[in-house]
Amino acid sequence: MAKKKKLKKHVINREWCKGCGICVAVCPKNVLELDKKDKAVAARKQDCIACQLCEQICPDLAITVMVKYVEESASGDK
Amino acid sequence: MDVKYYLRERFFPHLWCAGCGHGIVLNALIRAVDSLAIKKKDMVMVSGIGCSSRISGYVDFHSLHTLHGRALAFATGVKLSKPSLNVIVPMGDGDALAIGGNHFIHAARRNINITALVMNNRTYGMTGGQFSPLSGVGTKATTAPYMNIDREFDTVELASAAGATFVARTTVYHVKQLQSMLKKAIKHDGFSVLEVLTQCPTYFGRKNRKGSAVDMMNNYRDTTVPIGSDKKKENPELIERGIFVDKNLPEYCQAYADLVERASA
Ligand SMILES: Cc1ncc(C[n+]2csc(CCOP(=O)(O)OP(=O)(O)O)c2C)c(N)n1
Ligand code: SF4
Ligand code: SF4
Ligand code: SF4
Ligand SMILES: [Mg+2]
């Protein structure tokens, strides 16, 4: 059966993040935002589709999107 | 993949400004090398001087940080002495095409198997925002406070005319395309030139009122089109992205090895 990529968790390196906002702007699901200290945070994790675009575009290599692969049918967490 | 495996972590957070596009090139380069499964010990980065050139210091490959404009000359020496190595030369627009212009055209003419990355932010970032040969007419710079009147080079046309056998262009907004072009440029057996449009929000952006790093990236999305797009016919100002040249001609290290063999027969 086809496996689907799902979010495990975002690991954001706050020491490396410079608050440029690029990840926030490119995320197709509006998951990320900058906090009061201008660091990226995953404010709406539940909307993340684990596309990893934020991870691949961050100029500071500050984001890792950890993913898991689950059976399509077993992905019942709505 | 573990990005940190490819980094010299002791130099992080890196020195580039917030939102500098050079970091996106670094990010894509690591992923390209990882997906080609090239060992770190088989990679060499040779750079000159500039914000862009600093990329060589951040990766855990063999690296040489040389003279402004002259990286291709050093890289030619490395490649000829050990042709099995993958040699990448990241350069700024000033580094590659102002002071380094002659090295650039002659490396292209020789068709030596080196990957030249031109990280084009249309300015001399490191030295404070002077105009470069890629700034273009009408732009502003610290050395052109009223307006720059020098026409720009078209990197793709220049590299093609000089004889590069792989010539491509993309932007840091198009990260997937950037990764795939980096892979193709590295794999190409000959001199490959990849121009990457990358933002310098600190100088080019501020001087030219281009907004934030995000605005500058959105501008790459809005002002570039794939090669052959109909939109380009309606609006010639749009910049084309894609692979412009991809051909096979005798590679320099191979031609040299063949010559040595013939001479010693
Ligand atoms: C021989 C020499 N001339 C001038 C300089 C000063 N210098 C250092 S970097 C640079 C230009 C940097 O611009 P670019 O190559 O476009 O790289 P960027 O910083 O924009 O990435 C200049 C003129 C130098 N280091 N060496
Ligand atoms: S793109 Fe990277 S550096 Fe910029 S805000 Fe997001 S995590 Fe921070
Ligand atoms: S993985 Fe994709 S959807 Fe999830 S936060 Fe990153 S960009 Fe947004
Ligand atoms: S000055 Fe420009 S090119 Fe240099 S690090 Fe800052 S944004 Fe990047
Ligand atoms: Mg530059």
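What follows draws every value from the coordinates through simple rules; no lab data is involved. These figures come from a predicted structure and were not determined experimentally. Because the Cβ atoms are built from the backbone with ideal geometry, glycine has one as well, and the counts that use them run over all protein chains shown.
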(request) Quick one: grab Rg to one decimal and Dmax as a whole number for segment B:79-150, Cα atoms only, in Å. (result) 14.9, 49
(message) Could you tell me how many cubic angstrom of Cα convex hull volume segment B:103-260 has per residue?
(response) 121
(message) Starting from the Kirkwood Rh over alpha-carbon pairs, what translational D in µm² s⁻¹ does chain A have by Stokes-Einstein at 20 °C and 1.002 mPa s?
(response) 165
(request) Rank B:GLN199, B:GLN179, B:GLN254 by mean-square fluctuation in a GNM of chain B with C-alpha springs under 10 angstrom and give only the top-ranked residue. (result) B:GLN254
(request) Show which lysines lie in cross-link reach of A:LYS36 when reach means a straight Cα distance below 23 angstrom and same-chain residues fewer than eight apart are skipped. (result) A:LYS9, A:LYS18, A:LYS45
(message) Could you tell me the extents of segment B:6-100's C-alpha atoms along the three principal axes, largest first, rounded to whole Å?
(response) 38, 34, 21
(request) Rounded to the nearest Å, what's the spacing between the alpha carbon centres of segment A:12-78 and segment B:194-259? Just the number, please. (result) 27
(message) Let me check I have the definition right: for chain B, take the eigenvalues of the Cα gyration tensor, multiply each by 5, take square roots. What are those semi-axes in whole Å, largest first?
(response) 29, 21, 18
(request) Take peptides A:51-60, B:234-243 and line them up by average Cβ neighbours within 10 Å, highest first, as a rough protection proxy. (result) A:51-60, B:234-243
(message) Please check: in the Gaussian network model of chain B (C-alpha springs, under 10 Å), which one of B:THR155, B:THR115, B:THR202 has the largest mean-square fluctuation.
(response) B:THR202
(request) Output the Cα-based Rg and Dmax of the protein assembly as shown in Å, rounding Rg to one decimal and Dmax to a whole number. (result) 20.8, 74
(message) Explain nothing, just the number: dipole magnitude of chain B about its Cα centre with +1 on each Lys and Arg Cβ and -1 on each Asp and Glu Cβ, in debye rounded to the nearest 20.
(response) 440
